Amino acid sequence: MSKLIYLGCLSTRLYDSTCKNAIKIIQFLDSEYQVIEDPPCCGSLAFNMTSDDVMKKHVEFVNDWFKANKITELVTICAGCYSYFTRYYKEFLDSEFTVKIQHFLQFLAEPENLHKLNLKYSGNNLKVNYHDACHLRNSSVPVIEEPRIILNSIDNIELIESVYNKTKSICCGAGGGVYSIFKENSDYNAKTIFDNMKKGKALLTACPFCYTALNRIRDENNIKKPVIKFEDFIVKLIEGVDPIS
C-alpha cells in the first residue's frame, strides 16, 4: 500500500514553495504519504479538447501507473486534479478505479488531523475571506464546508463570507480557456471577487488556477489585499509568523 501526495502540473511548475508547504503539512499528519517524482498528468486540461476514446486511454494509462506504484490513497492540492479524479476516472473506469481521492482541505478537516495540527493565531482578531473554486464546489463530491471547518477552528481567525459564496461563488475566469479567448470577461470575474470581499484582510484559495487568476488581476489593479494559498496560510500559522504577510 502506498499513499501519494499529488501536487498537480500547475503547482509543480509555478509554485514550488506552496508544494513544499503542502508536503510538510501532509507528512506531519501522516508520514506514510510520499512524493513520487514525475507522476503522470491527470489529464483534466485535455478533457475538453480531445475525444472520449483518447481520454479513456490516458485514464487507463494513469490508473495502470497507480497500480504499478501500489497507490491506494491520494491527497492532491490541485482543485482541478481532485475534480477530474473523482468524477471522470469513475466514469471511464467504474469499479476498476479504487484509489481513495482526497483534496488537501478534506484531509486537513478530518477531526484527528485538526486536533494534531492544533492551529492557533496569537494576534488580534484577523478577518479573512475564502473563495470557493468551481472545481471544488462543483465536483462529484463537493468540497465546501471543509475550509470553513478549518478556519472556524482557529482562535482569533474570523471567516468573513463574501457576498457570493459556496455554490453561488463567482468563477475566477481562469478555467476552460476563458482567459485566452474572453480576457475581458475573465478579468471582470476576478475583479468582482475582490469587490465582494467585504471586510476580509486577505483572500484565501485552495485552487492553483484561482490563485493564478486572482493574483494577476490583483497586480494589474494595484489591489492591496493579498491572495494566499491555503497551504501557505496554514504553514505560517504553524510557524507563528504573520499569516497574511
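Derivation of every value follows stated rules applied to the coordinates shown; laboratory data play no part. Not measured: the values here are computed from a predicted model. Because the Cβ atoms are built from the backbone with ideal geometry, glycine has one as well, and the counts that use them run over all protein chains shown.
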Discussion item. Test of the criteria: in segment 1-93, which trypsin sites (Lys or Arg not before Pro) are in a DSSP loop and have at most 13 other Cβ atoms within 10 angstrom of their Cβ?
Written reply: Lys70
Practice prompt. Take the alpha carbon atoms of segment 1-30, find their center, do the same for segment 118-197, and report the distance between the two centers in whole angstrom.
Written response: 21 Å
Worksheet item: Can you sort Ile234, Ile149, Ile77 by how many other beta carbons sit within 10 Å, fewest first?
Response: Ile149, Ile234, Ile77
Practice prompt. Please give the calculated 222 nm ellipticity per residue for the chain, where each DSSP H segment of at least 4 residues contributes -39500 (n - 2.57) and the sum is spread over every residue; nearest 500 deg cm²/dmol?
Written response: -14000 deg cm²/dmol
Item to complete: May I ask for the net charge around Asp187, where only other residues with Cβ less than 15 Å from the Cβ of Asp187 are counted and Lys, Arg are +1 while Asp, Glu are -1?
Response: 0
Worksheet item: When Leu4, Leu105 are ordered from fewest to most other Cβ atoms inside 10 Å of their Cβ, what list results?
Response: Leu4, Leu105
Response to the item:
The long-range amide H neighbours of Gly175, using H built 1.01 Å from N in the peptide plane and a cut-off of under 5 Å, are none
Response to the item:
Listing Ser2, Ser11, Ser31 by rising number of other beta-carbon atoms within 10 angstrom, fewest first, gives Ser31, Ser2, Ser11
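Would you please give the FRET efficiency between Asp53 and Leu114, computed as 1/(1 + (r/R0)^6) with r the Cβ-Cβ distance and R0 = 51 Å, to the nearest 0.05? All intermediate terms of the calculation are to be shown ahead of the outcome.
Working: r = 43 Å, r/R0 = 0.85.
E between Asp53 and Leu114, to the nearest 0.05, is 0.75.
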Discussion item. Please compute the length gained on full extension between Ser95 and Glu184, using 0.36 nm multiplied by the number of residues separating them and subtracting their Cα-Cα distance.
Written reply: 27.8 nm
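If Lys and Arg each add +1 and Asp and Glu each add -1, what is the summed charge of the other residues whose beta carbon sits under 10 Å from the beta carbon of Lys224?
Residues close to Lys224 contribute a combined charge of +3.
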Worksheet item: Pulled fully out, how much extra length does the chain show between Glu161 and Lys199, if you take 0.36 nm times their separation in residues and subtract their Cα-Cα distance?
Response: 12.8 nm
Fill in: Of Asn196, Tyr121, His58, farthest towards positive along the dipole that unit charges on Lys, Arg, Asp, Glu beta carbons give the chain
Asn196
Worksheet item: Tell me, what is the percent relative contact order of the chain, built from C-alpha pairs under 8 Å that lie six or more residues apart?
Response: 19 percent
